[in-house]
Amino acid sequence: MSSSESQGELLPPKSGPVPPSSLEETRAFFAHEALRSAEEIGWLKRQVQVQRTLLVGTLLAGLILSGSLNILTLKQMRMVRDQLNETRPRVNQMYGEFRKSEPIIREFVASLQAYAASNRDFQPILEKHRPFLQQYYTGPAVPAPVPPMIQPPVQPSKPAGR
């Protein structure tokens, strides 16, 4: 079996226009092929025009959407800026009041620490709030008192003889 025979079975049979034999048939053949090619070119041009229209429409829609999003973002930014300008004086006033009361808070926490130093049972309660009031504590953390270890009662030993 030669290689051309095995390939011949796999390849489709060649079919194509039969070459014309006369000049008139040749002219008719080429005219027909030119007309078919012109139709295909026209169809391809229409397809390109449709694709171009779709692309321009998509780009225009993207431009409109991004412009709308930018306008919305600018509007939100202006609203937030206006709210900030409205609330800034109140926040500054509240901060000033807090700064005035801060020495009172420091004194209160110091008195709680003094009380905890004299009353060890209060120490765990005070230490529970240490993470929230860290800047007001004056000393290091004092460990909570360790409860005394309870030992089991000692049982009298039994005499070995019984």
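Tallying residues that are under 12 Å from Thr138 (Cβ atoms) and either modelled with pLDDT of 90 or more or out of contact with any helix residue (DSSP H, G or I) (no Cβ under 7 Å at 6 or more places or on another chain) (or both) within region 83-107 yields 1.
Within region 18-57, if we keep just the residues that are surrounded by 10 or more Cβ atoms within 10 Å (Cβ to Cβ) and of a type in the set (Asp, Glu), the residue that is farthest from the chain's Cα centre (by Cα) turns out to be Glu25.
Sort out which residues of region 122-162 are among the β-branched types (Val, Ile, Thr), in a loop (DSSP other than H, G, I, E, B) and modelled with pLDDT of 65 or more, and write them in order of number. Outline the logic, then answer.
At the first step, the residues of region 122-162 found to be among the β-branched types (Val, Ile, Thr) are 125, 138, 142, 146, 150, 154.
So of that shortlist, the ones also in a loop (DSSP other than H, G, I, E, B) come out as 138, 142, 146, 150, 154.
Hits for region 122-162 are Thr138, Ile150, Val154.
The values are calculated or read from the model by the stated rules, or taken from the named source; none is laboratory data. Small disclaimer: the values here were computed from a predicted structure and weren't measured. Cβ atoms come from the backbone with ideal geometry, glycine included; neighbour counts cover every protein chain shown.
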